[in-house]
Amino acid sequence: MTIDLTMEDPAWEALDLEPLADRAAAATLLYLGLDPEVCEIAILACDDARIATLNAEFRDKPTPTNVLSWPAEELAAEEPGGAPDLPEPDFTGEIALGDIAIAYGTCAREAAEQGKSLADHATHLIVHGILHLLGYDHIRDPDATLMEGLEIEILGRMGLDNPYNAPDGP
């Protein structure tokens, strides 16, 4: 698996984000039946100011958020609650999934508010972001139910608690 990690905010260095991201990505991809060895993901570990700029530029929301994602291709299911199509390898045998940005300040604040470790919350957000790259979403209720269920199952297999049991889940 190729994870191109760009560490823009040095605050992330204390978390040792690279192995955490590798583990979260591998767990997510394997759960969905994809070979992690052929998948490529870019992750930008940034601060709140940078993610607010990205959020304004791409979603017209000029505020910080915890995670953003940009899928390499549109995979979403047309039917509410339907599973998206799995991506196909390109002519080189690789699957470029897309890009994720994760903001340290928002992630750290949410973890503290929810009584979680920063590592567990960041793991959840990376799983969440990768599911977005794979066509999952939470705009429609049936899609949200499907996506949250996958997150709970994937994180549970990693030994992490249900992230939605927190008083103020993501």
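The values are calculated or read from the model by the stated rules, or taken from the named source; none is laboratory data. From a predicted model like this one, the values you see are computed outputs, not experimental measurements. Neighbour counts run over all protein chains shown; Cβ positions are idealised from the backbone, glycine included.
Couple of notes before you dig in:
- For the stretch 64-83, the condition holds for at least one residue, the condition being that it is of a type outside the set (A, V, I, L, M, F, W, C), touching a His at 6+ places or on another chain (Cβ under 7 Å) and touching a residue at least 24 places away in the same chain (Cβ under 8 Å).
- Within the stretch 90-114, the set of residues being hydroxyl-bearing (Ser, Thr, Tyr) and within 20 Å of residue 8 (Cβ to Cβ) comprises 104, 106.
- Some residue of the stretch 75-98 being closer than 18 Å to residue 16 by Cα and not hydroxyl-bearing (Ser, Thr, Tyr): no
Residues are listed down the side, and each one gets a yes or a no for (1) exposed (fewer than 14 other Cβ atoms within 10 Å of the Cβ); (2) out of contact with any strand residue (DSSP E or B) (no Cβ under 7 Å at 6 or more places or on another chain):
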{"site": "20", "(1), (2)": "no, yes"}
{"site": "37", "(1), (2)": "yes, yes"}
{"site": "41", "(1), (2)": "no, no"}
{"site": "102", "(1), (2)": "no, no"}
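- When residues of the stretch 87-100 are limited to those that are assigned to a loop (DSSP other than H, G, I, E, B) and touching a strand residue (DSSP E or B) at 6+ places or on another chain (Cβ under 9 Å), the one nearest to residue 41 (Cα to Cα): 94
- Sole exception among (1) under 16 Å from residue 151 (Cα atoms); (2) surrounded by fewer than 19 Cβ atoms within 10 Å (Cβ to Cβ); (3) of a type outside the set (Phe, Trp, Tyr); (4) in contact with a strand residue (DSSP E or B) (Cβ under 6 Å, 6 or more places away or on another chain) for residue 81, by number: (4)
- Number of the exception - residue 93 against (1) crowded, with 17+ Cβ neighbours inside 10 Å; (2) touching a residue at least 40 places away in the same chain (Cβ under 8 Å); (3) in contact with a helix residue (DSSP H, G or I) (Cβ under 9 Å, 6 or more places away or on another chain): (1)
- Within the set 149, 129, the sole residue that is in a helix (DSSP H, G or I), buried (at least 18 other Cβ atoms within 10 Å of the Cβ) and of a type outside the set (S, T, N, Q) turns out to be 129.
- The stretch 1-14 - residue that is at pLDDT 95 or above, part of a helix (DSSP H, G or I) and among the hydrophobic types (A, V, I, L, M, F, W, C) and, of those, surrounded by the fewest Cβ atoms within 10 Å (Cβ to Cβ): 11
- Within the stretch 101-121, considering residues that are part of a helix (DSSP H, G or I) and without any contact (Cβ under 8 Å) to a residue 24 or more places away in the chain, the one farthest from residue 161 (Cα to Cα): 109
- Taking the criterion of being small (Gly, Ala, Ser) and either assigned to a strand (DSSP E or B) or at pLDDT below 95 (or both), the only residue of the stretch 65-75 that qualifies is 69.
- Residues that are surrounded by fewer than 21 Cβ atoms within 10 Å (Cβ to Cβ), of a type outside the set (D, E, K, R) and under 25 Å from residue 105 (Cβ atoms) within the stretch 152-165 comprise 158, 162, 164, 165, listed in sequence order.
- In the stretch 43-64, the residues that are buried (at least 19 other Cβ atoms within 10 Å of the Cβ) and either β-branched (Val, Ile, Thr) or assigned to a loop (DSSP other than H, G, I, E, B) (or both): 43, 51, 64
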